[in-house]
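Accompanying notes for the structure given below.
Throughout, read-outs are computed from the coordinates displayed, never taken from laboratory work. Worth saying up front: this structure is predicted, and the values here are computed from it rather than measured. Note: ideal-geometry Cβ built from the backbone for every residue, glycine included; neighbour counts use all protein chains shown.
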Amino acid sequence: MATEVTYDLVCFHCGQQCEDETQWFHDKPFCCQGCMTVYEILDTNNLCTYYTLDQKPGTTRKQKTDETYGYLDDADAQKKLLTFQSPTFAKVTFFVPAIHCTSCIWLLENLHKLSDGVIHSEVVFGKKSVTIDYNPEKISLAHVADLIASVGYAPKITLAAQHDKKSDNTLATKVAIAGFCFGNVMLFSFPEYLGIDHNDAYLMRLFSKLNLALAIPVLFYSGIDYLTSAFKSFKQKQINIDVPIAAGLIALFARSSYDIITATGPGYLDSFTGLVFFLLIGRWFQSKTYESLSFDRDFTSYFPLAVSKLEKDGWKPTVVHKLKQHDQIRIRNMELVPADSILLDSHAYIDYSFVTGESKPVKVKQAELVYAGGRLIGTPVTLVVEKSTSQSHLTSLWNNDAFKKTEESQYQKVIDRAARKFTWIVLGIAIITATYWYITYPSQMWLVLTSVLMVACPCALALAAPFTLGSMLRVAGRNKLYLKNADIIERMASIDTVVFDKTGTVTHGSEPTILIDGKPNEYTLACIKTLTSFSTHPLSSHVTNFLHQRADITVDKFKELPGKGIEAFIDGRLFKIGSATFTGITEKVSPTASHVFVSIDGQFSCRFSITTAIRKDIGAMIKRLGSRAFALLSGDHDHDKEAMRALFGADVELHFNQSPQEKLEHIKNLQAQGRKVMMIGDGLNDSGALKQSDVGIAISDNQGVFTPACDGILLGEQITSIDKMLRFSRKSSSILRIGFGISFFYNAIALSFAVTGNLTPLVAAIIMPISSISVVGFSTLAVRYAATKTKMN
Amino acid sequence: MGIIIILICISLLIAVLFLGVFYWNMKNGQYDDTYTPSVRMLFEDKPEGEPKDNH
């Protein structure tokens, strides 16, 4: 009776709609076997509080990856991961991307109820990490990882992610000490501000000396980074922004010490400590912003940590970087080949899309070389390592210029250039003023010279960029656009050409409607699934995901013909899967869907009609982009050309049947014409193009999926706000320019005071911090204003 | 006026004390996670063997 209500059923575990595979347990519906298993584990261990703390807390187990953690029992891997290790006690911290709600915290902190060996576990929600204390005698590290994976919290383990960030703490300490000293120096400067009469002159001297004592740690602890950076840039015979800052700091400090020691004045230590304090706050804000938005781009994190290596007593997991020449390794389906190796089996299909952007699997024969970074498609194979990972093909490819974008950011260059000019101008002015004062009033010369040098410190200039771009990054993050770093905002501002991928970008990638014509039997469907799973073409993956039949099948002479289809022999029968002409079928089909035909020995077997829906409101967004929307590069054939033409209008170039390599070339050509290209794709078969473009944005419908080649990740539902984000990013340059203007304005005023010999400590104290604060305040407010103006919230 | 010097010493001492406490807290990791403890303190410890939760 309950057959037609399937659409109203939501999984008790993850809250997703239950479709064809609905499972029932304890009268509760589950969308898949995986979700039900998790519920069973929790239920038997009396942990169902999990479901009462938050609504549908689980994550779906439909696309469960069978990651195994066997390699974690290798002593080397343990050394990398464990923060503490003794025979009966060990401590490990896992990064668990699935942590998202109260229930997650509760379950992960109750792990000891699931296993005896776990002593204690603690979640850090902000970092999505869980620290587990366990007893290695009772449970191995691999089992701990398996345990949390079994309840739906698969840890993400990478070699690269294993370094701690201790430097943040020292920065915070530096800020704290600078702030402490700043406050106290201000306090001791009160008599000076208010003008105590000269009867209490000894008190003023005492206060000045206290100030000097407080300023010493500020210069030699809090401000030491500026001094060393300036020193280093001198060594390289260059001038960076830190040079004038360091010169200003040293001038301020030296001049004040001289005044205080000779008892000729109170010095400018209040402005000196305030300056360091505000500079460090800017730096801290910057690092916080980067930390919360950073994601790992190190290629080592995409390698499997360990592979199965043949040893005397069988296959053993081994850490990748321990592989040596002549080691025998075994690679499973969809695993990356970690090092250049020779194939021992008769043949294998390797997908090099990760390396070259070309997604067509390459057939490798026995005794041929397989390059590192290739992904195995199909049955497991055995390989012999030729070169260890460090010197392998992939490393050199990755270091190739094509995979790098300009590292130095534009604004940093602008600042450095400005600083260089600024320094020379200030030096010139300082010399001229010094000469003038030497002639007219020699006793004042040194005073004026140091004053001029002091106000040259373009601290507001250094603050404007990190504050502006930092708050822009945050706004983008709030709008579900996660950018790699602040440089991307600058590059986004210069974009004049936007290129779209079709599948997964303009259309929904994940949920196509698939209809099947013809009546193949279960075994045939299993054969089709096996064959399509060898191919990475989007249509193939749709068919693979659509079919659920399984059987043991031996495939012979597998061949993939780009743009046509795949063919192979199974049990002596020729299977052809692909386009109508390729399979030799003449049938009129509706032009609105993609069709995949299957023929066996030339006879029609069945047909899959795949319709992918166009995302909502995307047409309006393309209109708003106007002439910037430039091209559509699709890997599919042109069956929906009409629909795309209607969507994009007459002026946009539409290219179909593009291989990943062609997409990359296309972007290159556009760039050769002097265009700044933004590529928007799903990162599956256009990673090369994403990397090549000035800004590569990967569309993700699932926040857990990470595409390595992109500059930013945009949530699928937010694709309609691309135009807004571009408009928003373009505001950055004007905000920066005004910020720089304010900074220069203040410096000009301060300089005019200094040149005329009117720079008293009070004026310096007012001008310097106010200039910094007003620049920071301006950039933060201006970004907020720009955000509301462009309707980003 | 001698009292001022004593007062200054005391005020500096207290300020340094607070700075030290802040440093100690930071070293101890009290600022590492500012969200989870607020959730954790509201979890109830259920006695073992309580009837299963069916809602």
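Structural remarks
- Listed by Cβ neighbour count within 10 Å, with the fewest neighbours leading, A:542, A:347 appear as A:347, A:542.
- Cβ-based net charge around residue A:689, under 10 Å, with every Lys or Arg adding one and every Asp or Glu removing one: -1
- Distance in nm between pseudo-label sites at residue A:429 and residue B:11 (7 Å out along the Cβ direction from Cα): 3.6 nm
- Burial ordering of A:600, A:425, fewest other beta-carbon atoms within 10 Å first: A:425, A:600
- Note on residue A:614/residue A:545: beta-carbon distance plugged into 1/(1 + (r/R0)^6) with R0 of 30 Å gives a FRET efficiency of 0.90.
- Computed FRET value (nearest 0.05) for residue A:345 with residue A:232, which takes r as the C-beta separation and R₀ as 60 Å: 0.65
- Cross-link table A:156/A:557; A:480/A:676; A:363/A:564, entries beyond 25 Å C-alpha to C-alpha: A:156/A:557
- For a modelled paramagnetic label at residue A:220, 7 Å from Cα along Cα-to-Cβ, the residues of region A:245-263 in reach, with backbone nitrogen under 20 Å, are A:246-262.
- Region A:70-162, relative contact order in percent, only Cα pairs under 8 angstrom and at least six apart counted: 33 percent
- Cβ-to-Cβ counts within 10 Å put B:18, A:745 in ascending order as B:18, A:745, the fewest first.
- Other-chain or far-sequence residues with amide H under 5 Å of residue A:268's (modelled H): A:256
- Per-residue shielding of B:34-44, expressed as the average number of other chain Cβ atoms within 10 Å of the residue Cβ, stands at 5.
- Local electrostatic count at residue A:91 - Lys and Arg +1, Asp and Glu -1, tallied over other residues with Cβ under 12 Å: -2
- Region A:6-53 shape via C-alpha gyration tensor axes, a/c threshold 1.5: prolate
- Look at the stretch B:22-33: the mean tally of other chain Cβ atoms within 10 Å of its residues' Cβ atoms is 3.
- Long-range amide H partners of residue A:549 with built H, under 5 Å: none
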